[in-house]
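Visitor: Sharing a structure here in structure tokens format.
The values are calculated or read from the model by the stated rules, or taken from the named source; none is laboratory data. Remember, it's a predicted structure, so these values are computed and weren't measured experimentally. So basically every Cβ, Gly included, is an ideal-geometry build from the backbone, and we count neighbours across all protein chains shown. Note: accessible area is taken over every heavy atom of the protein model, side chains too, but ligands, DNA and RNA are not part of it. Shrake-Rupley method; radii C 1.70, N 1.55, O 1.52, S 1.80 Å.
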Amino acid sequence: MAEINQVLGVFSKKTQEKTGAGTTLQKAEHKTYYYVTRTEVDEYHVQPLNQQHIPSGIVTTLTKRQFLTAFSPEMDYYDKKTLPALRSLQNKILKGEELFAEGNLDEAEQSFAKALLLDPDNPKANLGMGSVLCSKQNFEKLSKIVNKLLNIDTIFLESQRQEFNVFAISLRKQALFDESINFYNKALEINKKDENLHFNVARSYFDAGKTDEALKHIDKALALKPNLEWAHKFKKYIIKQIKQ
């Protein structure tokens, strides 16, 4: 059963900062804002807000006691600032995905760029931008975003499966086999028991001319799901190609 996160809103945490020393010592209070959700087992997930009031960065898990002793509620902050910003971000990403699906690459790139201004580390916006740049064969910009994506672990979570696959397949179709393989292998580090990931990386390995690696991952996919029909067909095709 999937874990359910209840949105509690925005909370703040105060910290004391000291500057100077001796007679010039000064203390200043600093307030940081966090987006907070709670799970069914009373774990609290806190994530800092960026300057655009959007949750971004590392998520920290706290016990109920840890949370209640350190954080204070910020009434109306979520409704007035964070929620509108999240809606704006989501609309820009959805618009970018629609434009990309329609083949309007320039407009899709603009929409994803606007989303990234709100949240530079947003998984869906980065993957969408990567797919656009790949389709436009803008390899200079693409190289930068590939390096960025490989360092954002949340890119490879189940919630981004569809966007991740679109991007990785785009890389393979542009003959960027090493990049595609790197992405699938990074995803497999997080979920080694995903037969579809093994199948897709096998295709990238095969296209790169690495048939041994391709067969290895096809076998792993079939070990996880023996009735995976397209994996059986692909394995037969690979073996046939090797024997020619």
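Visitor: Kindly evaluate Leu118 against the criterion of being farther than 24 Å from Val7 by Cβ and either touching a strand residue (DSSP E or B) at 6+ places or on another chain (Cβ under 7 Å) or not acidic (Asp, Glu) (or both).
Guide: When the stated conditions are applied, Leu118 does not pass them.
Visitor: Still on this structure, please answer the following. Hey, Arg65 hits all of (1) open to solvent by 40 Å² or more (accessible area, probe 1.4 Å); (2) of a type outside the set (Ser, Thr, Tyr); (3) farther than 22 Å from Pro48 by Cβ but one; which does it fall short on?
Guide: With respect to (1) open to solvent by 40 Å² or more (accessible area, probe 1.4 Å); (2) of a type outside the set (Ser, Thr, Tyr); (3) farther than 22 Å from Pro48 by Cβ, Arg65 is out only on (3).
Visitor: State whether the residues of region 102-123 include one that is exposed (fewer than 14 other Cβ atoms within 10 Å of the Cβ), under 29 Å from Tyr205 (Cα atoms) and not hydrophobic (A, V, I, L, M, F, W, C).
Guide: Yes.
Visitor: Restricting attention to region 138-146, does a residue exist that is aromatic (Phe, Trp, Tyr), in a helix (DSSP H, G or I) and open to solvent by 40 Å² or more (accessible area, probe 1.4 Å)?
Guide: Yes; the residues of region 138-146 include at least one that is aromatic (Phe, Trp, Tyr), in a helix (DSSP H, G or I) and open to solvent by 40 Å² or more (accessible area, probe 1.4 Å).
Visitor: From the list Asn151, Asn147, Asn126, exactly one residue is among the polar types (S, T, N, Q) and touching a helix residue (DSSP H, G or I) at 6+ places or on another chain (Cβ under 6 Å). Which is it?
Guide: Going through Asn151, Asn147, Asn126 in turn, the sole match is Asn126.
Visitor: Which number in (1) surrounded by fewer than 21 Cβ atoms within 10 Å (Cβ to Cβ); (2) out of contact with any Gly (no Cβ under 8 Å at 6 or more places or on another chain) marks the one condition that Ala214 misses?
Guide: Exception for Ala214: condition (1).
Visitor: A follow-up question, please. Within region 90-120, can you find the residues that are in contact (Cβ under 8 Å) with a residue 24 or more places away in the chain, closer than 16 Å to Gln52 by Cβ and in contact with a Gly (Cβ under 7 Å, 6 or more places away or on another chain)?
Guide: Answer for region 90-120, where residues must be in contact (Cβ under 8 Å) with a residue 24 or more places away in the chain, closer than 16 Å to Gln52 by Cβ and in contact with a Gly (Cβ under 7 Å, 6 or more places away or on another chain): Ile93, Ala115.
Visitor: When Glu229 is evaluated against the numbered criteria (1) among the acidic types (Asp, Glu); (2) open to solvent by 80 Å² or more (accessible area, probe 1.4 Å); (3) modelled with pLDDT under 90, which criterion, by number, is the only one it fails?
Guide: Only one criterion in (1) among the acidic types (Asp, Glu); (2) open to solvent by 80 Å² or more (accessible area, probe 1.4 Å); (3) modelled with pLDDT under 90 is unmet by Glu229, namely (3).
Visitor: Please work out if Val201 is at pLDDT 90 or above, in contact with a helix residue (DSSP H, G or I) (Cβ under 9 Å, 6 or more places away or on another chain) and either within 21 Å of Asp106 (Cβ to Cβ) or of a type in the set (Val, Ile, Thr) (or both).
Guide: Answer is yes for this residue.
Residues are listed down the side, and each one gets a yes or a no for (1) modelled with pLDDT under 95; (2) among the charged types (D, E, K, R); (3) not in a helix (DSSP H, G or I):
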{"residue": "Thr15", "(1), (2), (3)": "yes, no, yes"}
{"residue": "Tyr34", "(1), (2), (3)": "no, no, yes"}
{"residue": "Glu40", "(1), (2), (3)": "yes, yes, yes"}
{"residue": "Gln52", "(1), (2), (3)": "no, no, yes"}
{"residue": "Ile58", "(1), (2), (3)": "yes, no, yes"}
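Visitor: Would you be able to tell me the number of residues in region 148-173 that are open to solvent by 70 Å² or more (accessible area, probe 1.4 Å), at pLDDT 80 or above and not in a helix (DSSP H, G or I)?
Guide: 1
Visitor: Taking Lys193, is it without any contact (Cβ under 8 Å) to a residue 24 or more places away in the chain, out of contact with any Gly (no Cβ under 6 Å at 6 or more places or on another chain) and open to solvent by 30 Å² or more (accessible area, probe 1.4 Å)?
Guide: Here the answer is no, as Lys193 does not meet what is asked.
Visitor: Can I ask one more? Quick check: anything in region 77-89 open to solvent by less than 80 Å² (accessible area, probe 1.4 Å), within 27 Å of Leu133 (Cα to Cα), among the hydroxyl-bearing types (Ser, Thr, Tyr) and at pLDDT below 95?
Guide: There is no residue in region 77-89 that is open to solvent by less than 80 Å² (accessible area, probe 1.4 Å), within 27 Å of Leu133 (Cα to Cα), among the hydroxyl-bearing types (Ser, Thr, Tyr) and at pLDDT below 95.
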